[in-house]
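The values are calculated or read from the model by the stated rules, or taken from the named source; none is laboratory data. A quick note: this is a predicted structure, and the numbers were derived from the prediction, not measured. A quick note on method: Cβ atoms are made from the backbone with ideal geometry, for glycine too, and the neighbour counts reach across all protein chains shown.
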Amino acid sequence: MQSYPFLSVYRAAVPAVILWMAASAGAQVALPKLFDELSDYAAVARWPQPEFTCKQASSYDRGKVAPDKPGWFANSDQNQFIRNETHQGRAEKVMLDADGPGCIVRFWLTTDQNKKGTLRIYLDGAPEPALTFPAYDLLSGDLGIGLPLAQPHPGYQPDGNGGNNLYLPIPYAKHCKVTWEEASNGARYYQINYRTYAAGTAVQTYTRAALEAARPAVERVNKALSAPPDHPQGTSVGTEADLAPGAEQQLNMPPGPAAVRRMELRVPPDRLVSPERALRSLIIQMECDGERTVWCPTSDFFGSGVGLNRVENWYRTVDPDGTMVCRWVMPYQKNASVTLLNLAGSPIHVGLTAIVGPWMWDEQSMHFHAVWHHEAGLMTPPARDWNFVTLTGRGVYVGDTLALFNPVATWYGEGDEKIWVDGEAFPSHVGTGTEDYYGYSYAPMGVHHTPFCGEPRIDQGMTQGHNTSTRTRNLDGIPFRKSLQFDMELISWKATTLTYAATTYWYAFPGTSSNVAPQQREAAAPVPTLAEAIAANAPPHKPGAIECETMKVVAKPADKFVGEQDMAAFGGERWSNGRQLLGKMTAVGDAVDIEFRAPDTAPRKLLLYLTQAPDFGVLRFEVNGQSVTATFDGYAAGVQPAPACVLGTFAPRDGKFTLRAAVAGANPAALGAKYYFGLDCVVLEKP
């Protein structure tokens, strides 16, 4: 008889699957129920049963001890582990060590290009890991979870820097430990959000058999998260109006108990004088059962930030044609209304539609809330904590949208989130960088969308201008019983003055309050622009300067780079116009010829301004084919502008000057390439 080994494997697995299915049927927490919760819009609108706390383990700088102690803004957030252990002769670094019953609900990590090593997750004290990833990479291994439960960040490369998110819930009955075995050194960052249930909660611990039995649920959730279901059953109510400045339009919902299950706002941008100003000044307000629960500019409420920027999110969708959709479920017991208020200086045409469905109101039901906190003039340095929101009462925090304006071209987001729950002495959520909180890494990064995180707007590659980040929470929602405080550190790569606007979302029982009041004046204020920021922050031109980066390159080695370089990373204001012409030469004799117009036919004294750096070479010069006596040593221990190099007095030829810079050698202390050079500008003086 022919033998089929895979049949014996299948038969051996069947009893395990059957036993798991039987056990999970009686468990309060098991994979099928977690997958149901993950793909159910209404799940976050009820106080969780069974109850849990949500915390975060991360690689934050352990120098953070307390707000009144040194190191509160320490920023070395890599390679910070709980301790080192030895397992079967292996040296493993512990990332998470949590008693159960509990569940990992979000796992984010990133690293540089060196990913060699092994990530392991041990459950319930077992000597062997339940999950093993053969790299610092949650997309590796053989889980086969697929997108978007396993979600790479934008620009992800298997062998490059960057990281990814894993939204696969990993429940455990007794204990969970996550470790990293280092095969070679690298920069390791991580965040693990995990639930801890009350003692005695029945949790079915993750096993591979459990995952295989739940494959239909995995496929269903991936499909739902990739294409959010957007047509709930219910009664449609709506209104349409031309709102004059200062006018309101109210839409009353059918009597409760009921829940708004979908809300759509339509604002045609072609009918607006300024879409950005109009949508920041068009306020959406909501009242439920006699309490104001929402006050927010419309574009911020829907996750777009300033303007109509595409949003593709589990809870919200924004289309640049002016259609904005919200799928947060908003229950109410007796009555509810939505009011649109126009704070702009011109009329706004609006169309608002809500789908209202049945809701069984009980002691677990909560109202949906959203508020908007705006502040301009936030100077950093010094580093500071900026408060998104502080809540008092009982509810569940479910996300936020950060819309900011950065006047300078530099990364603003080195700061970490800090979230205190129920009066903690130290925050139970401390992050590793603003971009990491929003699910990506190694910022700046381009526009991207995922079901629970995204960057709908980035005006400029180095984050000058408007930037919008958004994160919504599902399994990783944060319950609070008394209070919640959310702060974000403001730490920029260079000095800047930021404008922050944070929209926060939460569910709560009646009587819960926030420290954020309506800010009508700020919502009605003019919106700054990228062009204004560039004009206001452009480094000055040196008086009389002709910028080398604007000159015509008439000759260069065919295989060598010659081009404009932005000097912002080195203190751009120290260079004329903040830029230079960079030549990446590699050998003695390599030369570049550049050409610029003369103001007239009279001779001029030429002053050349250059850059010094550790890898810059020694240069000699010619002007209109005539050799110049002066030479220039481009070496310095740091990157810095050099004093003027006087080339001499020359008459223009055919109405122009042609300048040649040629590599003559290198300083003995030069490092790296040794023959690079940087030309800032030329100043012409009368002799």
Top-ranked residue in the range 357-371 [being not charged (D, E, K, R) and not in a strand (DSSP E or B); ranked as nearest to the chain's Cα centre (by Cα)]: MET366
Checklist (1) more than 30 Å from GLU573 (Cβ to Cβ); (2) without any contact (Cβ under 8 Å) to a residue 60 or more places away in the chain; (3) in a loop (DSSP other than H, G, I, E, B) applied to GLY672, failing item: (1)
PRO245, sole failed condition from (1) closer than 24 Å to GLN520 by Cβ; (2) not in a loop (DSSP other than H, G, I, E, B): (2)
Boolean, ALA409 is farther than 30 Å from PRO50 by Cβ and touching a helix residue (DSSP H, G or I) at 6+ places or on another chain (Cβ under 7 Å): yes
Options ALA227, ALA187, ALA198, ALA258; residue that is of a type outside the set (Ser, Thr, Tyr) and over 33 Å from the mean Cα position of the chain (by Cα): ALA258
Any chance GLY146 is free of Cβ contacts under 8 Å to residues at least 60 places away in the same chain, surrounded by fewer than 17 Cβ atoms within 10 Å (Cβ to Cβ) and not acidic (Asp, Glu): no
Subset tally (residues that are in a loop (DSSP other than H, G, I, E, B) and either free of Cβ contacts under 8 Å to residues at least 60 places away in the same chain or surrounded by fewer than 15 Cβ atoms within 10 Å (Cβ to Cβ) (or both)) for the range 569-585: 1
Residue tally, condition over 17 Å from ARG46 (Cβ atoms) and in a loop (DSSP other than H, G, I, E, B), over the range 459-481: 6
Condition met for LEU608 (part of a strand (DSSP E or B) and touching a Cys at 6+ places or on another chain (Cβ under 7 Å)): yes
For PRO510: the one exception among (1) closer than 30 Å to PRO228 by Cβ; (2) of a type outside the set (Ser, Thr, Tyr); (3) assigned to a strand (DSSP E or B): (3)
Checklist (1) modelled with pLDDT under 95; (2) in the same structural domain as THR496 (by TED's automatic domain parsing) applied to ALA383, failing item: (1)
Failed item in (1) at pLDDT 95 or above; (2) crowded, with 19+ Cβ neighbours inside 10 Å; (3) more than 23 Å from the chain's Cα centre (by Cα), with LYS542 passing the rest: (1)
Selection count, the range 236-264, where residues are surrounded by 14 or more Cβ atoms within 10 Å (Cβ to Cβ), over 15 Å from THR353 (Cα atoms) and either in contact with a Gly (Cβ under 8 Å, 6 or more places away or on another chain) or without any contact (Cβ under 8 Å) to a residue 24 or more places away in the chain (or both): 1
Residues located in the range 405-416, provided they are within 15 Å of the chain's Cα centre (by Cα) and within 19 Å of GLY305 (Cα to Cα): PHE405, ASN406, TRP411, TYR412, GLY413
Residues being part of a loop (DSSP other than H, G, I, E, B) and not hydroxyl-bearing (Ser, Thr, Tyr) - total across the range 37-68: 14
Strands (runs of 3 or more DSSP E) lying entirely in the range 69-159 (those with 1 or more residues that are among the polar types (S, T, N, Q), over 21 Å from the mean Cα position of the chain (by Cα) and in the same structural domain as ALA199 (by TED's automatic domain parsing)): 83-87, 117-123, 131-133
Condition met for LEU243 (in contact with a strand residue (DSSP E or B) (Cβ under 9 Å, 6 or more places away or on another chain), closer than 21 Å to LYS334 by Cα and at pLDDT 95 or above): no
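Among residues belonging to the range 603-650 that are aromatic (Phe, Trp, Tyr) and closer than 19 Å to LEU582 by Cα, point out the one that is surrounded by the most Cβ atoms within 10 Å (Cβ to Cβ). Give the steps one after another, and end with the answer.
Keep residues of the range 603-650 that are aromatic (Phe, Trp, Tyr), which gives 609, 616, 621, 632, 635, 650.
Of the ones still in play, those that are also closer than 19 Å to LEU582 by Cα are 609, 616, 621, 632, 635.
Numbers: TYR609: 21, PHE616: 31, PHE621: 22, PHE632: 21, TYR635: 18.
So the residue we want is PHE616.
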Meets criteria (at pLDDT below 95 and farther than 12 Å from TYR194 by Cβ) for PRO134: yes
